[in-house]
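The values are calculated or read from the model by the stated rules, or taken from the named source; none is laboratory data. Everything quoted here is computed from the prediction, not taken from an experiment. Neighbour counts are summed over all protein chains in view; Cβ atoms, including those assigned to glycine, are modelled from backbone coordinates with ideal geometry.
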């Protein structure tokens with residue numbers, strides 16, 4: 001009779017990032033900007049253009065998980081922050097892998113630019129992650145903006161009490177077909193019910209699943225209030 005062993009071993013991959021340093025001397029805020037699933041970071045940078053001249057440093061990392069995006073005429077490789085098949089426990093485990101990676105990255109780049117304040121803002125899948133990352137780590141992040149995703153309130157029941165005063169912003173398109181605005185509004189209310197006292201919601205009634213110019217301008221105003 002033969003025996004069979006199974007096991008696992010870690011795989012290390014290089015994940016690129018781009019730092020947009022503030023042109024203004026003395027900037028002390030680093031904004032970690034998380035793109036949507038399959039979306040290159042450059043697209044998020046373009047959508048956030050109305051906010052990029054603030055006295056902040058902007059860090060645009062690429063998500064770690066590659067996957068094929070197939071279309072009728074071509075195929076390309078996109079990247080995701082986490083993997084999701086409907087299993088909530090597996091989702092949280094997958095998100096936690098990205099969280100560990102981003103904590104290390106934000107710490108490294110934050111030290112490089114001498115940042116005293118870290119904020120995370122994400123779009124779509126990146127928005128889901130942003131609304132989980134910061135409240136679970138208030139010792140690292142001071143605020144979070146979830147754009148076109150929704151705050152994953154189901155995972156925040158065990159968040160540190162120190163996070164309850166953290167500014168959280170939900171930005172959404174009123175015509176978003178991917179993440180319904182009703183779901184985003186409901187998540188805001190349920191996050192408030194958990195004890196989070198500084199959760200705001202802003203909706204662009206004309207926007208779909210995007211960061212419209214009015215949404216980017218609102219993000220700018222929200223960030224500016226913390227500088």
Per the filter on region 38-59, residues surrounded by fewer than 21 Cβ atoms within 10 Å (Cβ to Cβ), under 23 Å from residue 95 (Cα atoms) and in contact with a helix residue (DSSP H, G or I) (Cβ under 9 Å, 6 or more places away or on another chain) are 38, 39
Result of the Cβ filter at 6 Å on region 40-69, keeping first residues that are free of Cβ contacts under 8 Å to residues at least 40 places away in the same chain and partners that are crowded, with 21+ Cβ neighbours inside 10 Å and outside any strand (DSSP E or B), at least 6 apart or interchain, is 41/35
Check region 112-123 and report whether any residue there is at pLDDT 95 or above, more than 20 Å from residue 60 (Cβ to Cβ), surrounded by fewer than 24 Cβ atoms within 10 Å (Cβ to Cβ) and out of contact with any helix residue (DSSP H, G or I) (no Cβ under 7 Å at 6 or more places or on another chain).
yes
For region 9-16, state whether one or more residues are touching a residue at least 12 places away in the same chain (Cβ under 8 Å) and in contact with a strand residue (DSSP E or B) (Cβ under 8 Å, 6 or more places away or on another chain).
yes
Only residues that are assigned to a helix (DSSP H, G or I), loosely packed, with under 13 Cβ neighbours inside 10 Å and touching a helix residue (DSSP H, G or I) at 6+ places or on another chain (Cβ under 9 Å): list them for region 71-102, please.
88
Residues being within 14 Å of the chain's Cα centre (by Cα) and part of a strand (DSSP E or B) - total across region 27-67:
9
All conditions in (1) outside any helix (DSSP H, G or I); (2) surrounded by fewer than 24 Cβ atoms within 10 Å (Cβ to Cβ); (3) touching a residue at least 60 places away in the same chain (Cβ under 8 Å); (4) touching a strand residue (DSSP E or B) at 6+ places or on another chain (Cβ under 7 Å) are true of residue 105 except (1)
Report whether or not residue 175 is in a loop (DSSP other than H, G, I, E, B) and closer than 19 Å to residue 88 by Cβ.
no
So which residues in region 197-211 are buried (at least 16 other Cβ atoms within 10 Å of the Cβ) and assigned to a loop (DSSP other than H, G, I, E, B)?
207, 209, 210, 211
If you go through region 114-141, how many residues are touching a strand residue (DSSP E or B) at 6+ places or on another chain (Cβ under 9 Å) and farther than 18 Å from residue 81 by Cα?
6
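Looking at region 158-168, which of the residues that are outside any helix (DSSP H, G or I) and at pLDDT 95 or above is nearest to residue 215 (Cα to Cα)? Break it down stepwise before answering.
Taking region 158-168 and keeping what is outside any helix (DSSP H, G or I), we get 158-160, 166-168.
Now drop any that are not at pLDDT 95 or above, which leaves 159-160, 166-168.
Details: 159: 27, 160: 29, 166: 20, 167: 17, 168: 15 Å.
The extreme case among them is 168.
Assess whether residue 129 counts as being surrounded by 15 or more Cβ atoms within 10 Å (Cβ to Cβ), under 13 Å from the mean Cα position of the chain (by Cα), farther than 18 Å from residue 36 by Cα and modelled with pLDDT of 95 or more. Talk me through it step by step, then tell me what you get.
On the way: surrounded by 15 or more Cβ atoms within 10 Å (Cβ to Cβ): yes; under 13 Å from the mean Cα position of the chain (by Cα): yes; farther than 18 Å from residue 36 by Cα: no; modelled with pLDDT of 95 or more: yes.
So residue 129 does not fit the description; no.
Conditions (1) assigned to a strand (DSSP E or B); (2) touching a residue at least 60 places away in the same chain (Cβ under 8 Å); (3) under 24 Å from residue 94 (Cβ atoms), marked per residue:
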{"position": "129", "(1), (2), (3)": "no, yes, yes"}
{"position": "132", "(1), (2), (3)": "no, no, yes"}
{"position": "135", "(1), (2), (3)": "no, yes, yes"}
{"position": "144", "(1), (2), (3)": "yes, no, yes"}
{"position": "149", "(1), (2), (3)": "no, no, yes"}
{"position": "154", "(1), (2), (3)": "no, yes, yes"}
{"position": "170", "(1), (2), (3)": "yes, no, yes"}
{"position": "184", "(1), (2), (3)": "no, no, yes"}
{"position": "195", "(1), (2), (3)": "no, no, no"}
